[in-house]
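Undergrad: Here it is, the structure, as structure tokens.
Coordinate-derived values only; no laboratory data. These numbers were taken from a predicted model, which means no experiment stands behind them. With ideal geometry, Cβ positions are generated from the backbone for all residues, glycine too; neighbour counts draw on all protein chains shown.
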Amino acid sequence: MTAQATIIENNFPIVIVGTGFSGIAMAVMLQKAGIDSFTILEKAQDIGGTWRDNTYPGAACDVPSHLYSFSFEPKTDWSRAFSPQAEIKSYLDHCVDKYHIRQKIRFGCEVTGAEFEESTGTWTVSFKEKGRHKKLTARAFILGNGALSTPADPDIKGLKDFKGDMFHSARWNHDVDLTGKKVAVIGTGASAIQIIPELGKIVDKLEVFQRTAPWVLPKPDRNMSGIEKRLFSAVPSTRWLHRAYIYWRNEALATGFVVDPRLMKGLEFIGRNYLRYAVKDPILRAKLAPNFTIGCKRMLLSNSYYQTLVQPHVDVVTDGIESITEQGIKTRNGIEHKVDAIVLATGFMVTNYLSRLNIKGLQGADLNTAMTEQREHYLGITVSKFPNMFLMMGPNTGLGHNSMVFMIEAQARYVVKCIEALRDKQLTYMDVREEAQHEYTQDVQQRLQKSVWASGCQSWYLSEDGHNGAAWPGFTWQYWLATRRLDLKAYHQVYAPEYQTEVVNV
Ligand code: N01
């Protein structure tokens, strides 16, 4: 082992939070760079992040699997073009085992906060394990807890009054058998449109409470044939060509998302025709007609959503929810819709997803305040006054048109470069300069002004005051270019002799 590696082993503990795609990518990339001194803290007892938590019926990816997977760990035998949740979860399990990451994970550890110590360049990470408060010291602190991890219950009067079964789409209660029941689904987003067709097959009566009609396009899903699987396995270049084809096909959509939303008209044409084809009843069709630019909210793909809504035992309710009652849902027109169960497909706490963590940086700076008030960052990865801390799937890195796994890999590569710089230059810490993050954030916000998300709809990409702290305003290859090299000029590079002090974990 080299002297440098020894320093890393002894003096460079790294804490990663979460074992979703982000945490796993980060761990593998660190290992590939020869850095093994990391611990992953995972609040649950299993890996997988959102692909562990979202087990609702019909859960599947809406990005093709051959692209929604790591470039360093291709899978040749995806069962479908868009694979189901269980297969994606088992792919992640495979990655964790193949790269020997499981033994680096501390399960049942919920991170509650972290504090930076300037003199040593260390983070003291606080977490709860089996009800006990514990701490770990880290030279680098990597947050891989994604924005789509905390379910958002709707702000509806009487939510707690309901006497039947009620659960969020991301916390599906598999003990409840909904067969033959009267069920309400609140929400018509990406989760709901996957759940509704499955419920439609088993329930007696299904009521879909829609606040905003989404754009739905046909999903080019299909079983992957045996020939394709064998070809992808035997001739890797065919697999890469297939992946590249999906990538560039999706990437072309960015022209409408971020260059000129008028280019979305073509997709709207397809969406309107699909609605006309699938829904013959003009009253229902009028209810389901979206009234915003496609892509402003997430564009949905389904071959069975409209087909379920037209069935006689399914109703789309658009009267607006007034309250939840003991027996069901009361709409603003005074009607009480009595049901046995309510599914809350109402999304996630996205804009303030870091607010549950108490993270204190230089001079007592508070991360939550920085993210909700200043709202500045650099590449969605680093934040000024929070040195040696790195966000995965951080602000302004979300996509509407392509695979997040591509973005995650770009981020993980960048973080490895930062850690190598800390090590090789023997820095105590690196802190992104305020000017650099200001310039970067201004540029991102300016570009977002002409994006589809600024075309006038309400979505989880926007905070209450209309600030878009979620979406990346460009092609994904532009993000790749921006993160490909570490520009150290953007960072204060601070050296203190304490660097050589042994870090002892408690
Ligand atoms: O959540 P959402 P989601 N009263 O926020 C409605 C990813 N994802 O879980 O549109 C009534 O999109 C709300 O109505 P409105 C993907 O990135 C990926 O479906 O705000 N309704 C909306 O219809 C996605 O974007 C996959 O008017 C209320 C719905 O609830 C993200 O997760 C699969 C309400 C929430 O939709 C979130 O999707 C699934 C209220 N008080 C999800 N509050 C993949 O396949 C909210 N709503 C990769």
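Undergrad: What's log10 of I(q)/I(0) for region 124-225 at q = 0.12, 0.13, 0.25 Å⁻¹, Debye sum over Cα points only, no solvent?
TA: Calculated log10 I(q)/I(0) at the listed q: -0.66, -0.73, -1.56.
Undergrad: Quick check: the distance between the Cα centres of region 452-487 and region 276-292, to the nearest angstrom?
TA: 30 Å
Undergrad: Could you state the per residue volume, in Å³, of the convex hull enclosing the Cα atoms of region 219-361? Write out the running numbers ahead of the final one.
TA: Numbers: hull volume 36.7 nm³, N = 143.
Cα-based convex hull of region 219-361, divided per residue, equals 257 Å³.
Undergrad: Give me the compactness ratio for region 172-280, meaning the Cα radius of gyration over 2.2 N^0.38 Å. Could you put the intermediate results ahead of the total?
TA: Details: Rg = 19.1 Å, N = 109, 2.2 N^0.38 = 13.1 Å.
Computed over Cα atoms of region 172-280, the ratio equals 1.46.
Undergrad: Could you list, in their original order, any pairs among 43/330; 417/489; 219/330 whose Cα atoms are separated by more than 25 Å? Before the final figure, lay out the partial values.
TA: Numbers: 43/330 37 Å; 417/489 14 Å; 219/330 34 Å.
Flagged as over cut-off: 43/330; 219/330.
Undergrad: Right, something else. Using label points projected 7 Å from each Cα along Cα→Cβ, tell me how many nm separate residue 450 and residue 426, to one decimal.
TA: A separation of 4.9 nm, rounded to one decimal place.
Undergrad: Also, quick follow-up: For region 123-170, build the convex hull from the C-alpha positions and give me its volume per residue in Å³.
TA: Numbers: hull volume 7.1 nm³, N = 48.
Each residue corresponds to 148 Å³ of Cα convex hull volume.
Undergrad: Taking the chain as the reference, fit the longest principal axis to its C-alpha atoms, fit the long axis of helix 434-449 to the helix C-alpha atoms, and give the angle between the two in degrees, 0 to 90, nearest 10.
TA: Tilt relative to the chain: about 20 degrees.
Undergrad: Semi-axes, largest first, in whole Å: what does sqrt of 5 times each Cα gyration tensor eigenvalue give for region 392-463? Write out the running numbers ahead of the final one.
TA: Values: eigenvalues 174, 54, 15 Å².
Rounded to whole Å, the semi-axes are 30, 16, 9.
Undergrad: Rounded to whole Å and ordered largest first, report the semi-axes of the equivalent ellipsoid of region 19-136 derived from its Cα gyration tensor (root of 5λ).
TA: Working: eigenvalues 176, 62, 26 Å².
The three semi-axes for region 19-136 are 30, 18, 11 Å.
Undergrad: Give the angle, between 0 and 90 degrees and rounded to the nearest 10, that separates the Cα long axis of helix 85-98 from the longest principal axis of the Cα atoms of the chain.
TA: Relative to the chain, helix 85-98 is tipped by roughly 20 degrees.
Undergrad: Decide, for region 377-506, between rounded, prolate and oblate: order the square roots of the alpha carbon gyration tensor eigenvalues as a ≥ b ≥ c, take rounded if a/c falls under 1.5, and otherwise choose prolate if a/b is larger than b/c, else oblate. Walk me through the intermediate numbers first.
TA: Details: a/c = 2.31, a/b = 2.08, b/c = 1.11.
Judged from the Cα gyration tensor, region 377-506 comes out prolate (a/c at least 1.5, a/b above b/c).
Undergrad: With just the Cα atoms defining each centre, how far is region 246-264 from region 111-135? Give it in Å.
TA: With region 246-264 and region 111-135 each reduced to a Cα centre, they are spaced 42 Å.
Undergrad: Just want the answer: with Cβ charges of +1 for Lys and Arg and -1 for Asp and Glu, which residue in 470, 187, 39 is farthest toward the dipole's positive end in the chain?
TA: Of the options given, the answer is 187.
Undergrad: Please give the helix 404-424 orientation as an angle from the longest Cα principal axis of the chain, in degrees from 0 to 90, rounded to the nearest 10.
TA: That helix lies at roughly 10 degrees to the long axis.
Undergrad: Straight-line reach from residue 425: which aspartates and glutamates have Cα under 15 Å away, leaving out those fewer than 8 places along the same chain?
TA: Correct list for residue 425: 487, 498.
Undergrad: Quick check: convex hull over the Cα atoms of the chain, volume per residue in Å³, rounded to an integer? Could you put the intermediate results ahead of the total?
TA: Values: hull volume 78.1 nm³, N = 506.
For the chain, the hull spanned by Cα atoms encloses 154 Å³ per residue.
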